[in-house]
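Beneath this line is the structure, given in structure tokens, with notes to follow.
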Amino acid sequence: MKILFVCLGNICRSPLAEALFCHHLKEQNISEAFAVDSCGTSDHHQGDLADERTRSNAFKHGIEITHRSRPFVADDFEIFDLIIVMDESNYDTIERLSLDPDQMEKVVFLRDFDLEEEDEIDVPDPWFGGEEGFEEVYQLINRCVLELVRTLSAES
Ligand code: 4NP
């Protein structure tokens, strides 16, 4: 199964989601069943490593992020089985790039997998805030990704 995580810049939320997802797949010995990538709806940071604050916070938890930013392209709708966006703005942007409504059927929100705060839709963007925002987003993304791995492994 091919899974793509999407945010705006592809330097904070989605590369972290990708790294955490891969980490939990490895822990459960199911990595081989998945191909995983992440991207941004903007090409502003194309080729860049993830934000230093995202990488150093993840590293404190033993998670290394080596991904380089790349923009979402319409072909991603064909390549990936599941496309997971971080917020409504990401959803709207890729909806505009879709060629037919069926393509959006494979798009879900990461917070669909949040069992703690079921009414929230967006993973907040830590980019403009302080250091504590990076830890909060780490904890939020980690719990959602863990539930995603549980859901997918139960389905397979
Ligand atoms: P991300 O965060 O979408 O989680 O990667 C952002 C990173 C950079 C910018 C915005 C959001 N920016 O405006 O450059």
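Numerical summary
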| read-out | value |
| --- | --- |
| Share of carbon and sulfur in the accessible heavy-atom surface of the chain [1.4 Å probe, %] | 48 |
| Debye intensity ratio in log₁₀ form over the Cα atoms of the chain, taken at each q of 0.09, 0.10, 0.11 Å⁻¹ | -0.25, -0.31, -0.38 |
| Cα-only radius of gyration and Dmax that characterise segment 71-146, units Å | 13.7, 40 |
| Dimensions (Å) - segment 50-110, Cα atoms, principal axes, largest first | 42, 20, 17 |
| When the convex hull of its Cα atoms is projected in every direction, mean area for segment 13-78 (nm²) | 4.9 |
| Helix-only CD estimate at 222 nm, as mean residue ellipticity for the chain, using -39500 (n - 2.57) per DSSP H run (n ≥ 4) | -12500 deg cm²/dmol |
| Per residue solvent-accessible surface (Å²) - segment 2-155, probe of 1.4 Å | 52 |
| Candidate lysines for bridging to LYS106, where Cα separation is under 29 Å - those fewer than 8 sequence places away on the same chain excluded | LYS2, LYS26 |
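The values are calculated or read from the model by the stated rules, or taken from the named source; none is laboratory data. Please read these numbers as outputs of a predicted model, since none were measured by experiment. Heavy atoms of the whole protein, side chains included, go into the accessibility calculation; ligands, DNA and RNA do not. Shrake-Rupley method; radii C 1.70, N 1.55, O 1.52, S 1.80 Å.
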